[in-house]
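The block underneath contains the structure these notes are about, expressed in structure tokens.
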Amino acid sequence: MFSYKELGLVNTKDMFAKAMKGGYAIPAYNFNNMEQMQAIIQACVETKSPVILQVSKGARNYADKFILRNMARGAVEYAHELGADIPIVLHLDHGPNFEVAKDCIDNGFSSVMIDGSALSYEENVKLTKQVCDYAHSQKDYVTVEAELGVLGGVEDDVAAEESKYTKPEEVVDFTSKTGCDSLAISIGTSHGRCKFTPEQCKLVDGVLIPPPLAFDVLEGVEKQLPGFPIVLHGASSVPVEYVKEIEKYGGKIPNSVGIPEDQLRKAAKSAVCKINVDSDGRLAMTAAVRRIFTEQPDVFDPRLYLGPARDELKKMYMRKNIEVMGSAGHAFD
Ligand code: G3H
Ligand code: 13P
Ligand code: ZN
């Protein structure tokens, strides 16, 4: 058993309370390897932003849970070394069942998501409560994120439909029965690089413009649960520059479309306290690696392409913290 406090991590409680008060969102960036972790920490130290390091089930399979735990410890020490002890959360992203959530809690995670969104309402309540009871009874309180409503992408191969938006009339019952600390809701975001079908978008100058997020649903949730931390998944903006760069250097990623950043900024000023970004990081790294492979075909030292990919990632995260999350400068609120 490892407590997250031994690793120098914090849970999301204080972070979300401050984000709610300050009208910004905490960036939740996924990581699977050293370069991604370094880019996140460098960006958040330089912008003085609190941060949530997210690990999916896929990341645990890829990188090994012991390595990830020690990378999180390393992240804390790295931030210190870089000159700012920013608050860092280690969070399980889309926990699939009680066993995986428990394993993370027992292994130094300070926060877990239990994703019961594919279950019936009653089953979701039951599973979420089971995880909350375990997480909250630890010596050091582990925070739990739950989900109501269904997003597109990993959770469903159909792009977001109105019928799957979170129902504001369910949120009070759900949060009070489960005791969850934050709630991911569905308002039109979805996972991956194709968040809407071309038919759902307008084509302007060769660029797909998506329909707006359902801010009325978010407002409905906020009315039902004043001051309760809300989470947005599937919030990559899928920058056109990266998509173009990837395609210029031989990639094929048609119909890519993300969530416009002005909408994310608007959400960050509301009860949305956590905004999840993974796909944009994948695009940034892939664009850099493809460019180098094309421009310098003699390169075969991984440091010569992973290093620039890491730099691109850092640049992107810094910009997001400043312009989208609004979290820059809030590490020591
Ligand atoms: O929401 C999903 C995240 O982007 C993680 O993706 O399961 O491929 O690691 P992954
Ligand atoms: P994106 O695919 O939009 O980056 O979403 C990531 C996410 O929600 C991780 O849980
Ligand atoms: Zn997600």
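Structure above, values below:
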item	result
Residues that are among the basic types (Lys, Arg), in a helix (DSSP H, G or I) and within 20 Å of residue 287 (Cα to Cα), drawn from region 233-275	244, 248
Which numbered condition residue 30 fails, given (1) touching an Asp or Glu at 6+ places or on another chain (Cβ under 7 Å); (2) surrounded by 21 or more Cβ atoms within 10 Å (Cβ to Cβ); (3) closer than 17 Å to residue 108 by Cβ	(3)
Matching option when the condition is over 26 Å from residue 105 (Cβ atoms), hydrophobic (A, V, I, L, M, F, W, C) and surrounded by 22 or more Cβ atoms within 10 Å (Cβ to Cβ), among 208, 218	218
Residue satisfying condition, being within 16 Å of ligand 2 (Cβ to nearest atom) and touching a residue at least 24 places away in the same chain (Cβ under 8 Å), within set 142, 172, 125, 112	112
Subset of region 95-107 (residues that are buried (at least 23 other Cβ atoms within 10 Å of the Cβ) and either assigned to a loop (DSSP other than H, G, I, E, B) or touching an Asp or Glu at 6+ places or on another chain (Cβ under 9 Å) (or both))	95
Residue list for region 288-317, filter: surrounded by fewer than 19 Cβ atoms within 10 Å (Cβ to Cβ) and hydroxyl-bearing (Ser, Thr, Tyr)	294
Region 259-287 - residue that is surrounded by 22 or more Cβ atoms within 10 Å (Cβ to Cβ) and β-branched (Val, Ile, Thr) and, of those, nearest to ligand 2 (Cβ to nearest atom)	277
Selection count, region 190-222, where residues are part of a loop (DSSP other than H, G, I, E, B) and of a type in the set (Ser, Thr, Tyr)	1
Complete set of residues in region 185-232 that are away from ligand 3 (no atom under 16 Å from the Cβ), in contact with a strand residue (DSSP E or B) (Cβ under 7 Å, 6 or more places away or on another chain) and among the charged types (D, E, K, R)	202
Count - residues of region 14-43 that are in a helix (DSSP H, G or I) and under 28 Å from residue 222 (Cα atoms)	9
Residue 213 being out of contact with any Leu (no Cβ under 7 Å at 6 or more places or on another chain), of a type in the set (A, V, I, L, M), within 16 Å of ligand 2 (Cβ to nearest atom) and more than 22 Å from residue 17 (Cα to Cα)	yes
Which listed residue, of 48, 5, is part of a loop (DSSP other than H, G, I, E, B), more than 16 Å from ligand 1 (Cβ to nearest atom) and surrounded by fewer than 19 Cβ atoms within 10 Å (Cβ to Cβ)	48
Search result, residues across region 1-59 that are β-branched (Val, Ile, Thr), touching a strand residue (DSSP E or B) at 6+ places or on another chain (Cβ under 7 Å) and under 20 Å from residue 308 (Cβ atoms)	40
First in region 51-79 and under 21 Å from residue 10 (Cβ atoms) and in contact (Cβ under 8 Å) with a residue 12 or more places away in the chain, second anywhere and within 14 Å of ligand 2 (Cβ to nearest atom) and in a helix (DSSP H, G or I), Cβ under 7 Å, 6 or more apart	51/40; 53/40; 68/59; 68/60
Near pairs, Cβ below 7 angstrom, 6+ apart or cross-chain, from region 82-107 (within 20 Å of residue 64 (Cβ to Cβ)) to any residue that is of a type in the set (Phe, Trp, Tyr) and in a loop (DSSP other than H, G, I, E, B)	90/109; 91/109; 92/109
From the options 256, 190, residue that is within 16 Å of ligand 2 (Cβ to nearest atom), of a type in the set (Ser, Thr, Tyr), at pLDDT below 95 and surrounded by 13 or more Cβ atoms within 10 Å (Cβ to Cβ)	190
Residue within region 72-79 that is surrounded by 23 or more Cβ atoms within 10 Å (Cβ to Cβ), within 21 Å of residue 139 (Cα to Cα) and within 15 Å of ligand 2 (Cβ to nearest atom) present	no
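The values are calculated or read from the model by the stated rules, or taken from the named source; none is laboratory data. On a predicted model such as this, the values are computed, not experimentally measured, just so you know. With ideal geometry, Cβ positions are generated from the backbone for all residues, glycine too; neighbour counts draw on all protein chains shown.
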